[in-house]
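Engineer: After the structure tokens below, expect a handful of questions from me.
The values are calculated or read from the model by the stated rules, or taken from the named source; none is laboratory data. Here the structure is a predicted model, which is why all the values come from computation and not from measurement. Neighbour counts are summed over all protein chains in view; Cβ atoms, including those assigned to glycine, are modelled from backbone coordinates with ideal geometry. When the accessible area is computed, the model is the full protein with side chains, heavy atoms only, and any ligands, DNA or RNA have been set aside. Shrake-Rupley method; radii C 1.70, N 1.55, O 1.52, S 1.80 Å.
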Amino acid sequence: MSVEQIPVENLTEAQAAAELAVLAAEIAKNDVLYHGKDRPEISDADYDALKRRNDAIEKRFPQLVRADSPSLKVGAAPLATFAPITHSRPMLSLDNTFSDEDVRDFVNSVYRFLGVLPDGSIAFTAEPKIDGLSMSIRYEQGRLVNAATRGDGTTGENVTENIRTIREIPERLPDGVPDVVEVRGEVYMSKADFLALNEKMAAEGKQTYVNPRNTAAGSLRQLDAKVTASRNLKFFAYAWGEMSAMPADTQMGMVAKFKEWGFPVNPLMKRLTSVDDIIAHYTDIGLKRPDLDYEIDGVVYKVDRLDLQERLGFRSRSPRWATAHKFPAEQAFTKVERIDIQVGRTGALTPVARLTPITVGGVVVTNATLHNEDYIKGLGNSGERIREDGHDIRIGDTVIVQRAGDVIPQVLDVVMEKRPADAIPYDFPKTCPVCGSHAVRDINEKTGKIDAVRRCTGGFVCRAQAVEHLKHFVSRNAYDIEGLGSKQIDFFFEAEDPALSIRTAPEIFTLEKRQAASLTKLENIEGFGRVSVRKLFEAINARRTIALNRFIYALGIRHVGETTAKLLARAYGTYAAFEAGMTAAASFSGEAWAELNSIDGIGEVVARAIVEFYKEPRNLDVIGRLLEEVTPEAAEVPVASDSPVAGKTVVFTGSLEKMTRDEAKAMAERLGAKVSGSVSKKTDLVVAGPGAGSKLDKAREFGVEVIDEDQWLERIKP
Ligand code: IVH
């Protein structure tokens, strides 16, 4: 890189993480060139320098050791990537619950959705949540044919050969199993094996590992399956993907079958009906936790009957029939050395405590979020005092740090007895530390209260916001351009030469053309090289067409995350229709505004943010230039396109008798229909039950077809 190398001791954690990502990719690339293709692009000395830099950064930030870190790779095995495997059924994640109250809500929501009185008639299973990595293992005619990691839930990595080395996973299933069986579960490393491995590493003077889960992941992602074999990984089966026939009709029954077929299953799984029993089992597993030889981070509850699971179905990312009850987070004491401000994509000023490094639940923590200005002062969201007597957090204070799973650690409380006399109260900046613009706290239009977050008003002028926008644009769930990570974005953003500079997204796509016409060649800049430049342009060009939901997500509209972007893509179908709708809603009234608000899952705050975004001429200019370079694809027509209601807009009104409104809605969506909350000219069908009122009148007015519940069920019959 032509960017000056920052001495390791001066790196911020964010810079370190970004650099480790680049180093992992760079070293892996050179490994392949050297070992796999026998045509190294860099000298051995330069290669060693990369490795040393990687090790030095990891030594200072052990919590940042990546699953694909070069330091976790043994020997000089050729390191390539694993081939992708598209899951036959998506591998979803679980919703989290944290309190007894949440568990009660979960159980009640199941009854409510199914329209059953909460009479204790529905059974749930409860089993430990294993802290490993999930795996889908496919058998055809009883033989293991492939195994894939979860990946992004849709596509994972083909790790078949590595999985075959796990003794606990059968290569063949007994006679009589269904033709296609996909067993899913968790691959993990036992605590004992983890400790033994670390002892060995330390004895050999090598870097030790952070925790069993990362080590298990690293052990599995080895191109040389012998390394995986040496790690003694283990497995618990608890779920399934495609099955050509179902061998049981309950969760318990399925797991019993897995056991019969030779898979390890967790012995602490129980079938329970009352919330009290469920919570008692959670407490019991929590008490056993320290003595278990594997890491667990909670208890998973699932509706036992599979027919009920089917009826409950899924939300966008998780099933309605299951939840993970997490154990409380782990805590530790340490000192606040400094407070820094990070400026995010939306201009939010987030205070970050730089801490004396401390291990919390087996992971070294050096930074923790302080949320916002009020939080440092000891005030909660409604101005109430927090932390007992509302004391503030000062530089020099001893604090309690909490870490829960993958969430950013936070500073919970101050140990007042330990406050030194010279502890310095924190004066929150009123201007943006990056661009110097005023940083203000807006009034929330809905609540009339002052926003807890102070934001930089610099907008496009603020380099931090502009850079973060770009980083968001190329991030994994947005454009996901290989070779264009955080570090490269910093480089291109800072570049003054017009043949190199990237300040807004469209310039990513004009870079190749500008390069061709210029004498400042990227390939002559240290850290790029001819091959990597060619690959970068290939990666950029591969993204000239992109799924509509990714395109919308990449725009970085406030409040529009991946889920919302998907909802919008599905509702509008094409980018042109989406933009036309947003511009037409500029007055926050009228049909276009109503249409946006009728999308289930999009509330008013989000709707406003989107419309506001489209009122800003700068945004329209950037999008206009972007559309000269890229084409968002029309959104996929939802599944089940052969159903008679696919693609139709349906409104349910009045009361339903055979199922709850939620269930009816979920079912319609499964069949590819769009369910709307209000009737308009665009509505195709209204399902009206007894007591239907104004929506029914409207349907008649617009001449929309109206049917009752029985006719609806008849129509969608398989
Ligand atoms: S059930 C459709 N059961 O937790 C849901 N998941 O947060 C299928 N996990 O990706 C998952 N132990 O890796 C289930 N007993 C258990 C689990 C478990 C660990 C993991 C799994 C999943 C993640 C969801």
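Engineer: Counting Lys and Arg as +1 and Asp and Glu as -1, what is the net charge of the other residues whose Cβ lies under 13 Å from the Cβ of R387?
Structural biologist: Numbers: positive: K377, R385, R394, R419; negative: D374, E384, E388, D389, D392, D397, D413.
Surrounding charge for R387 is -3.
Engineer: Here's another thing I want to ask about it. How would the chain be classified by its alpha-carbon gyration tensor: rounded, prolate or oblate, with rounded meaning a/c under 1.5 and the a/b versus b/c comparison settling the rest? It would help to have the intermediate numbers written out before the result.
Structural biologist: Working: a/c = 1.33, a/b = 1.12, b/c = 1.19.
It comes out rounded by the Cα gyration axes.
Engineer: I would also like to ask the following. Under 11 Å from a point 7 Å along the Cα-to-Cβ line of K200: which residues of segment 217-243 have their amide N that close?
Structural biologist: Under 11 Å, as judged by backbone N against the label point of K200, lie 227-233 of segment 217-243.
Engineer: What do you get for Rg/Rh over segment 291-367 if you use C-alpha atoms and the Kirkwood form of Rh? Walk me through the numbers before you get to the answer.
Structural biologist: On the way: Rg = 19.8 Å, Rh = 16.7 Å.
Here Rg/Rh amounts to 1.18.
Engineer: I've got another one for you. Counting only C-alpha contacts under 8 Å and six or more residues apart, can you give the relative contact order of segment 509-587 as a whole percent?
Structural biologist: On the way: 36 pairs, mean separation 14.1, N = 79.
It comes to 18 percent, rounded to a whole number.
Engineer: Any idea which of G241, G601, V399 is furthest toward the positive side of the dipole for the chain, if Lys and Arg beta-carbons carry +1 and Asp and Glu beta-carbons -1?
Structural biologist: Of the candidates, G241 comes out farthest on the positive side.
Engineer: Hey, another quick one. If you build the Cα gyration tensor of segment 216-263 and take the root of 5 times each eigenvalue, what three semi-axes come out, in whole angstrom, biggest first? Walk me through the numbers on the way to the answer.
Structural biologist: Numbers: eigenvalues 173, 26, 15 Å².
Whole-Å semi-axes of the equivalent ellipsoid: 29, 11, 9.
Engineer: What per residue convex hull volume, in Å³, do the alpha-carbon atoms of segment 341-469 yield?
Structural biologist: Numbers: hull volume 17.1 nm³, N = 129.
So the per-residue Cα hull volume is 132 Å³.
Engineer: To the nearest 20 debye, what is the magnitude of the charge dipole of segment 571-718 about its Cα centre, counting +1 on the Cβ of each Lys and Arg and -1 on the Cβ of each Asp and Glu? Walk me through the intermediate numbers first.
Structural biologist: On the way: 17 positive and 25 negative charges, 46 e Å.
Charge dipole, segment 571-718, about its Cα centre: 220 debye, nearest 20.
Engineer: Give me the percent relative contact order of segment 616-683, please, defined on Cα pairs under 8 angstrom at least 6 residues apart. Spell out each step's value before the answer.
Structural biologist: Numbers: 60 pairs, mean separation 24.1, N = 68.
That works out to 35 percent.
Engineer: Using only protein heavy atoms and a 1.4 Å probe, report how much of F588 is accessible, in Å² to the nearest 10.
Structural biologist: 40
Engineer: I'd like the accessible area for W240: 1.4 Å probe, protein heavy atoms, all chains in place, Å² to the nearest 10.
Structural biologist: 40
Engineer: Could you work out what % of the accessible surface of the chain is carbon and sulfur, using a 1.4 angstrom probe and leaving DNA, RNA and ligands out of the count?
Structural biologist: Ligands and nucleic acids excluded, carbon and sulfur give 51 percent.
Engineer: In addition: Of the options V103, A584, A673, report the single residue whose Cα projects farthest towards the positive end of the charge dipole of the chain (beta-carbon charges: Lys, Arg +1; Asp, Glu -1).
Structural biologist: Selected residue: A584.
Engineer: Using the Cα centre of the chain as the reference point, and only Cβ charges (+1 on K/R, -1 on D/E), how large is the resulting charge dipole? Debye, rounded to the nearest 20.
Structural biologist: Numbers: 93 positive and 105 negative charges, 106 e Å.
Dipole about the Cα centre, nearest 20: 500 debye.
Engineer: Could you please put E579, E701, E127 in sequence from largest to smallest accessible area, using a 1.4 Å probe? Before the final figure, lay out each step's value.
Structural biologist: Values: E579 50, E701 140, E127 10 Å².
Sorted descending by solvent-accessible area, the residues read E701, E579, E127.
Engineer: Further question: Which pairs break 30 Å Cα to Cα here: K449/K695; K471/K513; K471/K615; K681/K717; K29/K191?
Structural biologist: On the way: K449/K695 35 Å; K471/K513 22 Å; K471/K615 23 Å; K681/K717 26 Å; K29/K191 33 Å.
Correct reply: K449/K695; K29/K191.
Engineer: Follow-up question, since we're still on this one. With a 1.4 Å probe and all protein chains kept in place, how do L548, L519, L696 rank by accessible area, largest first? Don't skip to the answer; put the middle values down first.
Structural biologist: Values: L548 5, L519 165, L696 25 Å².
Most to least solvent-accessible, the answer reads L519, L696, L548.
Engineer: Follow-up. Within segment 447-468, which residues have the backbone N less than 17 Å from the label spot 7 Å out from H438 along Cα→beta-carbon, could you tell me?
Structural biologist: 450-451, 453-462
Engineer: Something else: Among DSSP bridges having both ends in segment 601-718, what percentage is antiparallel? Round to the nearest 5. Don't skip to the end; give the middle numbers.
Structural biologist: Details: 0 of 9 bridges.
Roughly 0 percent of the DSSP beta bridges within segment 601-718 come out antiparallel.
Engineer: If I model a spin label at N96 and K377 as a point 7 Å from the Cα along the Cα→Cβ vector, what separation in nanometres do I get?
Structural biologist: Between N96 and K377, the label points sit 2.8 nm apart.
Engineer: So what is the 222 nm mean residue ellipticity for the chain from helices alone, if each DSSP H run of at least 4 adds -39500 (n - 2.57) and you divide by all residues, rounding to the nearest 500 deg cm²/dmol? Numbers along the way, then the final one.
Structural biologist: On the way: 25 runs with 255 residues, N = 718.
Rounded to the nearest 500, the figure is -10500 deg cm²/dmol.
Engineer: Based on Cα positions only, what radius of gyration and what Dmax would you give for segment 135-251, in angstroms?
Structural biologist: Considering segment 135-251 through its Cα atoms, Rg and Dmax are 15.8, 53 Å.
Engineer: Taking the Cα centre of each part, how many Å lie between segment 82-119 and segment 385-460?
Structural biologist: First find each Cα centre; the distance between them is then 34 Å.
Engineer: Right, next: Counting only the heavy atoms of the protein chains, how much of F327 is accessible to a 1.4 Å probe, in Å² to the nearest 10?
Structural biologist: Rounded to the nearest 10, that gives 20 Å².
Engineer: What residue among V650, L292, T154 has its Cα farthest toward the positive end of the dipole of the chain, where the charges are +1 on Lys, Arg and -1 on Asp, Glu, each on the Cβ?
Structural biologist: Farthest along the dipole direction, towards plus: T154.
Engineer: I would also like to ask the following. Multiplying the sequence separation of T154 and A56 by 0.36 nm and subtracting their Cα-Cα distance, what value in nm do you get?
Structural biologist: Values: separation 98, 0.36 × 98 = 35.28 nm, distance 3.55 nm.
Computed gain between T154 and A56 is 31.7 nm.
Engineer: With an 8 Å Cα cut-off and a minimum separation of 6 or more residues, compute the relative contact order for the chain in percent. Intermediate results must be reported in sequence, preceding the final value.
Structural biologist: On the way: 1280 pairs, mean separation 66.9, N = 718.
Relative CO of the chain lands at 9 percent.
Engineer: For segment 366-411, state the average projected area of the convex hull of the C-alpha atoms over all orientations, rounded to one decimal in nm². Provide the component values of the computation, followed by the final result.
Structural biologist: Numbers: hull surface 14.5 nm².
For segment 366-411, averaging the hull's shadow over all directions gives 3.6 nm².
Engineer: Follow-up. Segment 395-436: Rg/Rh from Cα coordinates, Kirkwood Rh? Numbers along the way, then the final one.
Structural biologist: Numbers: Rg = 14.1 Å, Rh = 12.7 Å.
Rg/Rh: 1.11.
Engineer: Can you compute the modelled spin-label distance between D621 and R419, with each label point 7 Å from Cα toward Cβ, in nm?
Structural biologist: 4.9
Engineer: Let me ask something else about it. Return the percentage of antiparallel bridges among DSSP beta bridges fully within the chain, rounded to the nearest 5 %.
Structural biologist: On the way: 75 of 90 bridges.
Percentage antiparallel, nearest 5: 85.
Engineer: Now a separate question. If DNA, RNA and ligands are ignored and the probe is 1.4 Å, what is the ranking of T12, T228 by accessible area, most exposed first? Write down the numbers at each step before the final one.
Structural biologist: Numbers: T12 50, T228 5 Å².
Result, largest first: T12, T228.
Engineer: Using a simple spin-label model with points 7 Å from Cα along the Cα→Cβ vector, what separation in nm is obtained for D46 and D105?
Structural biologist: It works out to 5.5 nm between the two label points.
Engineer: If you average the alpha carbon positions of segment 230-246 and of segment 540-596, how far apart do those two centres end up, in angstrom?
Structural biologist: Using only Cα atoms, the two centres lie 38 Å from each other.
Engineer: Report the local net charge at E628: Lys and Arg +1, Asp and Glu -1, summed over other residues whose C-beta lies under 15 Å from its C-beta. Could you put the intermediate results ahead of the total?
Structural biologist: Details: positive: K513, R514, R543, R544, R625; negative: E507, E512, E579, D621, E629.
Net local charge, E628 excluded: 0.
Engineer: Can you give me the accessible area per residue for segment 439-497, using a 1.4 Å probe, in Å²? Present the calculation step by step, with values, prior to reporting the outcome.
Structural biologist: Values: 2940 Å² over 59 residues.
I get 50 Å² per residue for segment 439-497.
Engineer: Once you sort the root eigenvalues of the Cα gyration tensor of segment 232-320 as a ≥ b ≥ c, which label holds: rounded (a/c under 1.5), prolate (a/b larger than b/c) or oblate (the other case)?
Structural biologist: Numbers: a/c = 1.76, a/b = 1.21, b/c = 1.45.
Judged from the Cα gyration tensor, segment 232-320 comes out oblate (a/c at least 1.5, b/c at or above a/b).
Engineer: Leaving out ligands and nucleic acids, and using a 1.4 Å probe, what accessible area per residue does segment 642-718 come to in Å²? Could you put the intermediate results ahead of the total?
Structural biologist: Numbers: 4010 Å² over 77 residues.
Computed with neighbouring chains in place, this is 52 Å² per residue.
Engineer: Sort 462-470, 650-658, 626-634 by the packing proxy (mean of other Cβ within 10 Å over each peptide's residues), most packed first.
Structural biologist: So the order, starting with the most tightly packed, is 462-470, 650-658, 626-634.
Engineer: Subtracting the Cα-Cα distance from 0.36 nm times the residue separation, let me have the gained length for T583 to E242 in nm, one decimal. Intermediate values should be presented prior to the final figure.
Structural biologist: Details: separation 341, 0.36 × 341 = 122.76 nm, distance 4.35 nm.
That works out to 118.4 nm of additional length.
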